Structure formats: structure tokens, C-alpha cells
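Note sheet for the following structure.
The values are calculated or read from the model by the stated rules, or taken from the named source; none is laboratory data. Note that the structure is predicted; figures quoted are calculated from it, not measured. Please note: Cβ atoms are built from the backbone with ideal geometry, for glycine as well, and neighbour counts cover all protein chains shown. For the accessible areas, the whole protein counts, side chains as well, though only heavy atoms, and no ligand, DNA or RNA atoms are used. Shrake-Rupley method; radii C 1.70, N 1.55, O 1.52, S 1.80 Å.
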Amino acid sequence: MSEKKPDFFIAGAARCGTTALWYCLKENPGVFMPKEMLLKEPAFFSGLKKSRFNKWADYSELFSAADASHRRVGEASTAYLTDEESPGRIHDYDRDAKIIISLRNPVSRAYSLYNWMVQDGYEYAGTFEEALKLEEMRAHKKIPNYFEPEYYHNYMYFHSGLYYAQVKRYIDLFKKNVLLVKFDNFIKNFEVEYERICGFLGVEAGPPR
């Protein structure tokens with residue numbers, strides 16, 4: 001039996017419901033995704049090497065339990081949207097891959113990201129306003145570092161919310177194989193949006209097993 005490999009990617013954006021989408025899709029009988037939260041974002045195709053899965057053997061092992069019952073195999077790594085190299089790397093790997101991008105009001109997303117960074121101990125700025133003021137200085141620093149140990153773009157609260165160029169990189173390469181999801185629609189009209197996402201992937205939107 002040939003090895004099942006990832007053929008769709010949830011590329012972000014961070015704090016835009018990608019975890020909720022991962023929870024739903026990993027329970028869909030026709031979809032295989034890494035089941036554990038610690039394995040949710042392998043970021044293998046990130047040129048910034050946020051990932052600890054830098055070798056193909058380690059990365060492909062994440063999908064070793066996928067079998068013929070899984071019509072789609074995928075993963076969710078929010079670094080793929082902000083990292084300029086990721087679209088090209090994914091395209092080199094599979095030009096027919098399906099890409100899902102979830103977007104949220106940039107202001108709400110930035111504040112949610114700040115709160116998460118503070119909660120997990122990655123952000124030392126005492127207020128959101130202070131973090132925004134630090135952004136210009138941080139843009140020219142080498143991150144991660146001792147004081148800023150997280151992914152570089154997670155400190156770019158304003159700039160990482162400028163979606164146009166990030167999304168365009170995928171549409172230019174993958175054309176109609178890119179699906180945009182609005183965070184608010186996904187929350188307010190979950191069943192409709194979930195069915196639309198499953199239709200895009202070509203799997204049934206039935207009850208999870």
C-alpha cells in the first residue's frame with residue numbers, strides 16, 4: 001500500500017479559528033489529521049523553521065496511521081500564511097494541494113493574539129498598546145530570542161494582520177484550490193460553513209466517528 005501523504009493544508013491565520021476547524025476535521029471519518037494538540041502545527045513547509053519536524057521521515061510519520069478510508073490527509077500550521085516561503089514550498093511538494101485560509105477582523109485577531117502570547121508567557125509587554133509600539137523595533141530584531149521566544153510573526157500584531165499579500169501568494173500559485181473562510185461566519189453559521197469546507201475537500205460533512 002502506498003504511503004498516504006498530506007494533500008490539504010490549513011494555512012492560518014493565527015487566532016482565526018484554525019484550532020476549531022482542526023478539531024472538527026480530525027474527527028471527520030473521511031479526513032486524517034494529526035490527532036494530538038502538540039502535533040497540530042508541524043510547520044514542516046515553513047522556511048523559518050518554527051518546526052521540530054525538519055526531516056521528511058519525522059514529518060511523514062505524523063500521517064502513518066492514515067489509511068484507504070481517509071479521502072483527505074491534512075495538517076494545520078498557521079506559520080504557513082505569514083511565512084513568505086511556505087506557499088512555494090507547498091506548491092513544489094504538491095501543486096494540486098487544497099489550501100484553507102481562515103481570516104478574522106484584523107483588530108480582533110491582533111488583540112486575541114496578544115492575549116494568548118501573554119497567557120503563555122511569550123509576551124512581556126504589559127499592555128496591547130505597548131506591544132504595538134514595540135513592533136517597529138522588533139521588526140529589525142532576530143526573533144526568536146531569549147526575551148521573545150515565540151515565532152517572529154506572532155510579535156507582529158499589526159503587520160501579520162495585513163492579509164492581502166499573504167493570501168495572494170496562495171491564490172497566485174493554487175488558483176481555485178484556495179478556500180477562504182471568515183471566522184465570524186464559521187462561528188455564527190457553523191453547519192453551513194463546515195459543509196462548505198467539506199465540499200471543498202470532497203468529503204462528507206456527516207457526524208464525526
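Could you grab me the full set of residues in the stretch 112-122 that are of a type outside the set (A, V, I, L, M) and closer than 25 Å to ASP184 by Cβ? Explain how you work it out, then say what you get.
Quick first cut of the stretch 112-122, residues of a type outside the set (A, V, I, L, M) only: 112, 114-116, 119-122.
Matches in the stretch 112-122: SER112, TYR114, ASN115, TRP116, GLN119, ASP120.
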Return yes or no: is GLU148 out of contact with any strand residue (DSSP E or B) (no Cβ under 9 Å at 6 or more places or on another chain), of a type outside the set (Ser, Thr, Tyr) and loosely packed, with under 15 Cβ neighbours inside 10 Å? no
Among (1) in a loop (DSSP other than H, G, I, E, B); (2) modelled with pLDDT of 95 or more, the one test that ASN154 misses: (1)
So which residues in the stretch 180-193 are surrounded by fewer than 18 Cβ atoms within 10 Å (Cβ to Cβ) and touching a residue at least 60 places away in the same chain (Cβ under 8 Å)? LEU180, LYS182, ASP184, ILE187
Determine if the stretch 157-172 includes at least one residue that is hydroxyl-bearing (Ser, Thr, Tyr), open to solvent by 80 Å² or more (accessible area, probe 1.4 Å) and at pLDDT 95 or above. yes
Only one of ILE90, ILE143 is within 30 Å of VAL31 (Cβ to Cβ) and of a type in the set (A, V, I, L, M, F, W, C). Can you tell me which? ILE90
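Tally the residues that are open to solvent by 10 Å² or more (accessible area, probe 1.4 Å), farther than 23 Å from TYR151 by Cβ and of a type in the set (A, V, I, L, M, F, W, C), restricting the search to the stretch 7-32. Steps first, please.
First, the residues of the stretch 7-32 that are open to solvent by 10 Å² or more (accessible area, probe 1.4 Å): 7, 14-15, 17, 19-20, 23-24, 26-27, 29-30, 32.
When the remaining residues are screened for being farther than 23 Å from TYR151 by Cβ, the result is 7, 24, 27, 29-30, 32.
Among the residues that remain, those that are also of a type in the set (A, V, I, L, M, F, W, C) are: 24, 32.
So the answer is 2.
Is it true that ARG109 is more than 19 Å from LEU173 (Cα to Cα), among the charged types (D, E, K, R) and surrounded by 19 or more Cβ atoms within 10 Å (Cβ to Cβ)?
Working: more than 19 Å from LEU173 (Cα to Cα): yes; among the charged types (D, E, K, R): yes; surrounded by 19 or more Cβ atoms within 10 Å (Cβ to Cβ): yes.
When the stated conditions are applied, ARG109 passes them.
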As an exercise: evaluate SER69 against (1) among the small types (Gly, Ala, Ser); (2) open to solvent by 20 Å² or more (accessible area, probe 1.4 Å); (3) without any contact (Cβ under 8 Å) to a residue 40 or more places away in the chain and give the number of the one condition it does not meet. (3)
Selected residue (only one of LYS50, LYS35, LYS4, LYS98 is at pLDDT below 95 and buried (at least 19 other Cβ atoms within 10 Å of the Cβ)): LYS50
